[in-house]
């Protein structure tokens with residue numbers, strides 16, 4: 001029963017976001033601020049994870065493909081498809097759920113506990129539109145860009161690891177990248193990226209916006225938002241793979 005209650009409040013929160021802005025300039029300023037916060041806050045960890053993710057994929061794939069009958073270009077193909085289809089969108093978004101999601105939940109939770117949200121409502125400002133909508137729109141725009149960057153860095157990290165460890169040369173790796181490439185995979189990743197970005201931002205905003213209590217409840221709400229976001233991301237990952245692949 002609690003699940004349906006929270007689901008109903010979540011849907012009503014999304015519905016309440018869409019109203020005419022009281023001051024479009026303030027909304028634009030808040031939107032740009034959120035874009036900057038999300039991109040700058042998540043960029044370092046995304047870069048580090050992506051490079052090592054591709055490097056480890058190359059080393060472990062080469063370890064498993066020990067047969068001389070299998071060409072070394074196959075290693076690059078496996079790393080490319082693994083990074084593009086799963087590692088870059090899913091793994092990075094799970095990390096971003098902790099980095100971005102917890103920040104959104106704690107920020108809104110602090111505003112709720114300190115009665116800043118109530119003050120906005122008293123002044124006639126739709127707090128859902130002013131506080132939540134810019135965060136969701138910014139996340140939906142910025143996170144797919146971070147995932148595209150993650151794919152590029154992951155593939156480059158695999159190329160670098162293969163060259164440094166003498167598993168396969170850069171030229172062989174580049175040849176493998178071009179073989180049997182399916183352009184639809186990029187479209188599939190973008191669908192996952194936009195879906196996961198919406199899940200991270202909206203779920204985190206929901207738990208932060210409706211927090212009750214004090215500092216302890218803010219921490220619990222932030223943790224719960226990360227856990228629920230990760231579970232929903234994995235569920236959405238399976239559903240999208242079953243529908244589109």
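Read-outs throughout are calculated quantities, based only on the coordinates presented, and are distinct from any laboratory measurement. Not measured: the values here are computed from a predicted model. Cβ coordinates were reconstructed from backbone atoms using ideal geometry, including for glycine residues, and neighbour counts include every protein chain displayed.
Out of 132, 175, which single residue is touching a residue at least 12 places away in the same chain (Cβ under 8 Å), farther than 21 Å from residue 47 by Cβ and surrounded by fewer than 17 Cβ atoms within 10 Å (Cβ to Cβ)?
Criteria check complete, one pass: 175.
From the list 54, 41, exactly one residue is under 30 Å from residue 102 (Cβ atoms) and either buried (at least 19 other Cβ atoms within 10 Å of the Cβ) or over 16 Å from the mean Cα position of the chain (by Cα) (or both). Which is it?
Going through 54, 41 in turn, just one is under 30 Å from residue 102 (Cβ atoms) and either buried (at least 19 other Cβ atoms within 10 Å of the Cβ) or over 16 Å from the mean Cα position of the chain (by Cα) (or both): 54.
Only helices (runs of 4 or more DSSP H) whose full extent lies in the range 1-105 are considered here, and the ones with at least 2 residues that are farther than 22 Å from residue 182 by Cα and touching a residue at least 24 places away in the same chain (Cβ under 8 Å) are 2-17, 24-64, 92-96. Per this entry, residue 240 is counted among residues that are surrounded by 14 or more Cβ atoms within 10 Å (Cβ to Cβ) and more than 14 Å from the chain's Cα centre (by Cα). When residue 216 is tested against the conditions (1) surrounded by 14 or more Cβ atoms within 10 Å (Cβ to Cβ); (2) more than 17 Å from the chain's Cα centre (by Cα), the lone failure is (1).
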